[in-house]
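Participant: The structure under discussion is supplied below as structure tokens; questions concerning it will follow.
The values are calculated or read from the model by the stated rules, or taken from the named source; none is laboratory data. Not measured: the values here are computed from a predicted model. Cβ placement follows ideal geometry from the backbone for every residue including glycine, while neighbour counts extend to all protein chains displayed.
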Amino acid sequence: MNPSHWREGFFILRTKMKEWKEILENKITAELKEQIDIFETQIELKRMGKVEDQLFAETRLRKGVYGQRYDNGQRHDGNETKELNFPSGDLLKGPETVWDAPGMLRIKIPFGSLNPEQMRVLADLSEEYADGVLHITTRQDFQYHYVHIDDTPTIMRRLASVGITTHEACGNVTRNVTACPKSGVCHGEVFDVSPYAKAMTEFMLDHPDCQDFGRKFKISFSGCSEDACGIVKMHDLGAVAKIQDGKKGFEIYVGGGLGAVAHEAKVMYDFLPEEEILPLAQAIGRVFTRLGEKKNRAKARIKFLVVKLGLEEFIRIVEEEREKLPHDDKWTSYIDELPAWGEKPKKEAVPLNDTEKPDGFDFWMQKNVQTQRQNGYRVVTIMLPLGDLSSHQMRQLADIAEKYIGNTVRTTVEQNFVLRWVSEADLPDLYKELNAIGLADAGAGSIIDITACPGTDTCKLGIASSRGLAAELRQMLSPEKMELDEAVQKLRIKISGCFNSCAQHHIADLGFYGNSRTFKGYKVPHFQVVLGGAWKNNAGNFGMAMGAVPSKNIPKVVLKLTGYYVDNRTHKDQSFHEYYASQNKSDIKSLLIEFSEIPPYMENSDFYTDWGDPRVFTLGDMGVGECAGEVVSLTEVELASAERICFEAQVELDEGNLEDAEGKAYKSMLRGAAALIRKEFQDVPSDPDDIVLQFKEHFYDTKIFFDRFAKGKFGKYLLHRNENPPTDLNNDLVHRKIEESQLFLEAAHACYARLRDVETKENRG
């Protein structure tokens, strides 16, 4: 790209960003505004080479900005778009991209709750800044792909203006809190868990006790124990609604998780009163921070900590931590508002009459529509192939939702939409309008409603094409092509592109995850077959891996296994999980043998390509997945934050804002001192005087902060500024204060490095 053109484009971009910033000035909370401004500054610092790659990666991940690979025939390397030749030869899809190459942006949707206004903004942003596709994840989030990082601050501001954030959508933090999409309208629920999921989201977001995890922390709520909507047993912390002696509370599960090593969560408490759910999460967060693994990412989830300590000891430590916590009004303030919580239907309940129904309506009604516990209303599931819909469909769906139901749209962990409070009389018209925009496919919750992660399309860790296989199976199993037994129709298929189980293959009747085998010098895409998982009872049972099969044979495997199940089940109502549990696993495994053979390349080269990719299969286009990247300590993050504040001080000085410049110079030293305190102690004071006092006691008086040559000179800059704030400011004085803060931060970095070296030596010893 011509440098002058780049400068012109960048100027236009900055102008556009500034315009949106001004337009939305009064529509964003001060806290979110500051966070986004900070991230914008960090992008600038990174572009100037003032922030290390690893540290910036952690920063952007916490903002939901995630690197991706490219499987669309193009690759943007951060500077220009290049066409990829097919077949590529030695040219790969692009696992190695520079930091500002277009990537993925994940958007948090707490418990999947959306309103039409938010849906329209999501549609607009997808169209303007991504590829026009919105992808729903298995955590009820949204993802955009092919988003340039320079656009992310504007996207974040526009999302924030309608109450949506990307903050902590990725990274080693508390991820999106999920809950049953039918909460509040389900026949079987004990009570509506939605307000508790909302309270948990708001409480854990940016909580100081939850910022230094070794890995992510996932929380889910379920309204009952029998169904699977909340799938709490595969979460780090799961809560199932329960009433005991007339009091609301939860049955608590802890230490669940899928991934390469799946762990079913254990019962932590049979009953926990509602007022204790938030302090419990905080206490677990503190224990996870203090005792959780941080070096070996493969062992850094809470599930491994529970195994290491044992459940009883884990509970003891958490309870001990709970007792230490200072009271927080946020723990219970939301409970007082619960009586006022609840959704109101937009339209009166009118029974479905006998008027003429459109073609296809009855089948759609049978498969996608359920009754609510509120008489006269229905829940409608909109099945999304591969969890995707276009920006146009999203915008039209917002109009439909506004017309029929109002603000009661939910996303699901099965990558679908749910419309609640649909009056029965409106169902035929609703169906017609959904059908007009391609969103009336029947089969929600059936075998064709396949869950699939992005896989090799965009994920650097993807081994085999999960989306390609899902599309093939969906087409093969469609009602138009096959007459399937009713029991087979009810089966769940979930496909992950690798062993990390982002598509939750462990809890499917038929689960698959991508891997590879080598045959006569060629790599061949395979899928491991995982059978017998239970979607019911909140993911009550995980499936068993039965062996790897070439990807191109998986459709035959599905037909074989489902046919064998129908022919050999003991009775018509026997579920696949029950059937599989009763079978000799060697017999089941033997069924796969005929599909495991690989023909020579010259005989059938199709086996050596993946679904939707004409190139010869290779693992060379994989990259380092950011979920599996190195942990950056919170101390490093805060030291980087201190440097950013110091940079902002210089900007303020350049603009003649002497008081702000000096204040930020001081603030940067405080942030640096607090970072060191956090390295040695979990709790960090917020009051400046207390920070300085602890710094002096633990780092200055002990001479830990002293270096070989300057001794305590740079530490004195903070102590002196705290005791003697300047009054008569001038340009030279403020310039000197900024230089002092820079020197202090350099010394803080050096001090941290020395502490890490000592720690490493002690561990080796």
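Participant: Having 2 or more residues that are out of contact with any Gly (no Cβ under 8 Å at 6 or more places or on another chain) and modelled with pLDDT under 90 is the bar; report the strands (runs of 3 or more DSSP E) wholly within the range 4-118 that clear it.
Facilitator: Working: elements: 74-76, 81-83, 103-107.
Counting at least 2 such residues, we get 74-76, 81-83.
Participant: For the list (1) closer than 20 Å to P110 by Cβ; (2) at pLDDT below 95; (3) in a helix (DSSP H, G or I), I need the number of the one condition that N407 fails.
Facilitator: (3)
Participant: Enumerate the pairs (first residue in the range 120-139 and more than 24 Å from A179 (Cβ to Cβ); second residue anywhere and acidic (D, E)) with beta-carbon separation below 8 Å, excluding pairs fewer than 6 apart on the same chain, so at least 6 apart or on different chains.
Facilitator: As it stands, the answer is Y129/D151; V133/D388, since those pairs meet every condition given.
Participant: When you go through (1) out of contact with any Cys (no Cβ under 8 Å at 6 or more places or on another chain); (2) crowded, with 19+ Cβ neighbours inside 10 Å one by one for I495, which number turns out not to apply?
Facilitator: (1)
Participant: Would a scan of the range 284-291 turn up a residue that is surrounded by 12 or more Cβ atoms within 10 Å (Cβ to Cβ), β-branched (V, I, T), within 29 Å of A534 (Cα to Cα) and not assigned by TED's automatic domain parsing to the domain that holds S194?
Facilitator: no
Participant: Right, another one. Would you check if there is a residue in the range 586-601 being surrounded by 18 or more Cβ atoms within 10 Å (Cβ to Cβ), of a type outside the set (G, A, S), touching a Ser or Thr at 6+ places or on another chain (Cβ under 9 Å) and farther than 30 Å from I36 by Cα?
Facilitator: No, that holds for no residue.
Participant: Counting only residues that are charged (D, E, K, R) and under 19 Å from D701 (Cα atoms), which one in the range 713-745 is surrounded by the fewest Cβ atoms within 10 Å (Cβ to Cβ)? Give the steps one after another, and end with the answer.
Facilitator: Quick first cut of the range 713-745, residues charged (D, E, K, R) only: 713, 716, 721, 723, 728, 732, 736-737, 739-740.
Filter once more, keeping what is under 19 Å from D701 (Cα atoms): 713, 716, 721, 723.
Details: K713: 14, K716: 14, R721: 21, E723: 9.
Only one residue tops the list, namely E723.
Participant: Identify, from the list A487, A470, A508, A534, the residue that is buried (at least 17 other Cβ atoms within 10 Å of the Cβ), over 25 Å from the mean Cα position of the chain (by Cα) and at negative phi. I'd like the intermediate steps shown before the answer.
Facilitator: Working: A470 fails: over 25 Å from the mean Cα position of the chain (by Cα); A508 fails: over 25 Å from the mean Cα position of the chain (by Cα); A534 fails: over 25 Å from the mean Cα position of the chain (by Cα).
Answer to the check: A487.
Participant: List, please: which pairs have Cβ atoms under 8 Å, are six or more places apart or on different chains, and start with a residue in the range 390-415 that is assigned by TED's automatic domain parsing to the domain that holds Q372 and more than 13 Å from E117 (Cβ to Cβ) and end with one that is of a type in the set (S, T, Y) and not in a strand (DSSP E or B)?
Facilitator: From residues that are assigned by TED's automatic domain parsing to the domain that holds Q372 and more than 13 Å from E117 (Cβ to Cβ), the pairs are S391/S126; V413/T138; E414/T138; Q415/T137; Q415/T138.
Participant: Exactly one of these conditions fails for M156: (1) touching a Leu at 6+ places or on another chain (Cβ under 7 Å); (2) buried (at least 22 other Cβ atoms within 10 Å of the Cβ); (3) in a helix (DSSP H, G or I); (4) not assigned by TED's automatic domain parsing to the domain that holds R301. Give me its number.
Facilitator: Every condition holds for M156 apart from (1).
Participant: Taking interchain pairs and intrachain pairs at least six residues apart, which have beta carbon atoms under 7 angstrom, with the first residue in the range 505-516 and farther than 13 Å from K536 by Cα and the second part of a helix (DSSP H, G or I) and among the hydroxyl-bearing types (S, T, Y)?
Facilitator: G514/S466
Participant: Determine whether K233 is crowded, with 19+ Cβ neighbours inside 10 Å, closer than 19 Å to T138 by Cβ and of a type in the set (K, R). Lay out the reasoning, then the answer.
Facilitator: Working: crowded, with 19+ Cβ neighbours inside 10 Å: yes; closer than 19 Å to T138 by Cβ: yes; of a type in the set (K, R): yes.
Yes.
Participant: From the set of residues in the range 537-577 that are part of a helix (DSSP H, G or I) and in contact with a Gly (Cβ under 9 Å, 6 or more places away or on another chain), which is surrounded by the fewest Cβ atoms within 10 Å (Cβ to Cβ)? If you could, list the steps in order and put the result at the bottom.
Facilitator: Step one: filter the range 537-577 for residues part of a helix (DSSP H, G or I), giving 537-539, 551-568, 576-577.
Next, only the ones that are in contact with a Gly (Cβ under 9 Å, 6 or more places away or on another chain) stay: 538-539, 551, 576-577.
On the way: N538: 28, A539: 28, S551: 27, F576: 24, H577: 21.
If we take residues in the range 537-577 being part of a helix (DSSP H, G or I) and in contact with a Gly (Cβ under 9 Å, 6 or more places away or on another chain), then H577 is surrounded by the fewest Cβ atoms within 10 Å (Cβ to Cβ).
Participant: Within the range 166-174, can one find any residue that is in contact with a Cys (Cβ under 7 Å, 6 or more places away or on another chain), surrounded by fewer than 23 Cβ atoms within 10 Å (Cβ to Cβ) and on the phi < 0 side of the Ramachandran plot?
Facilitator: So in the range 166-174, the residues in contact with a Cys (Cβ under 7 Å, 6 or more places away or on another chain) come out as 173-174.
Of the ones still in play, those that are also surrounded by fewer than 23 Cβ atoms within 10 Å (Cβ to Cβ) are 173.
Okay, now just the ones that are also on the phi < 0 side of the Ramachandran plot, so 173.
The answer is yes; a qualifying residue exists.
Here is a yes/no grid of residues against (1) in a loop (DSSP other than H, G, I, E, B); (2) at pLDDT below 90:
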| site | (1), (2) |
| --- | --- |
| L469 | no, no |
| K481 | yes, yes |
| A503 | yes, no |
| T518 | no, yes |
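Participant: From the list K572, K494, K490, K536, which residue is at pLDDT 90 or above, out of contact with any helix residue (DSSP H, G or I) (no Cβ under 6 Å at 6 or more places or on another chain) and closer than 30 Å to G223 by Cβ?
Facilitator: On the way: K572 fails: at pLDDT 90 or above; K494 fails: out of contact with any helix residue (DSSP H, G or I) (no Cβ under 6 Å at 6 or more places or on another chain); K536 fails: at pLDDT 90 or above.
The match here is K490.
Participant: Quick check on my filter: what residues within the range 570-598 are more than 37 Å from the chain's Cα centre (by Cα) and touching a residue at least 60 places away in the same chain (Cβ under 8 Å)?
Facilitator: K572
Participant: Another question about this same structure. How do the pairs read when you match residues in the range 254-276 that are more than 17 Å from R297 (Cβ to Cβ) with residues anywhere that are among the polar types (S, T, N, Q) and part of a loop (DSSP other than H, G, I, E, B), using Cβ under 7 Å and keeping only pairs 6 or more apart or on different chains?
Facilitator: E275/T332
Participant: Please go through the range 170-222 and give me each residue that is touching a strand residue (DSSP E or B) at 6+ places or on another chain (Cβ under 6 Å), of a type in the set (S, T, N, Q) and over 13 Å from F111 (Cβ atoms), ordered by number.
Facilitator: T174
Participant: Here is a list of conditions, (1) surrounded by fewer than 16 Cβ atoms within 10 Å (Cβ to Cβ); (2) closer than 14 Å to K667 by Cα; (3) of a type outside the set (V, I, T), and D757 meets all of them except one; can you say which number that is?
Facilitator: Result: D757 fails condition (2) only.
Participant: Further question: Would you tally the residues in the range 420-438 being surrounded by 22 or more Cβ atoms within 10 Å (Cβ to Cβ) and not in a helix (DSSP H, G or I)?
Facilitator: Looking only at that region, the number is 3.
To keep it simple, each residue is scored yes or no on (1) over 30 Å from V173 (Cβ atoms); (2) crowded, with 19+ Cβ neighbours inside 10 Å; (3) of a type in the set (D, E, K, R); (4) outside the structural domain of G255 (by TED's automatic domain parsing).
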{"position": "R297", "(1), (2), (3), (4)": "no, no, yes, no"}
{"position": "R301", "(1), (2), (3), (4)": "no, yes, yes, no"}
{"position": "L309", "(1), (2), (3), (4)": "no, no, no, no"}
{"position": "Q366", "(1), (2), (3), (4)": "yes, no, no, yes"}
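Participant: Of all residues being buried (at least 21 other Cβ atoms within 10 Å of the Cβ) and aromatic (F, W, Y) in the range 189-210, which is farthest from L338 (Cα to Cα)? Just the residue, please.
Facilitator: F203
Participant: Does R322 satisfy the criteria of being in contact (Cβ under 8 Å) with a residue 12 or more places away in the chain and part of a helix (DSSP H, G or I)?
Facilitator: Details: in contact (Cβ under 8 Å) with a residue 12 or more places away in the chain: yes; part of a helix (DSSP H, G or I): yes.
So R322 passes the test.
Participant: List, please: which pairs have Cβ atoms under 8 Å, are six or more places apart or on different chains, and start with a residue in the range 643-662 that is under 18 Å from I38 (Cβ atoms) and in contact (Cβ under 8 Å) with a residue 60 or more places away in the chain and end with one that is of a type in the set (K, R) and outside any helix (DSSP H, G or I)?
Facilitator: E643/K50; F647/K50
Participant: Separate question: Suppose we keep only residues that are of a type outside the set (S, T, Y) and buried (at least 23 other Cβ atoms within 10 Å of the Cβ) within the range 402-412. Which one would you say is nearest to I447 (Cα to Cα)? Can you show your working first?
Facilitator: Pass one, the range 402-412, residues of a type outside the set (S, T, Y): 402-403, 405-407, 409-410.
This time we only want the ones that are buried (at least 23 other Cβ atoms within 10 Å of the Cβ), so: 405, 409-410.
Working: I405: 28, V409: 24, R410: 22 Å.
In this case the residue turns out to be R410.
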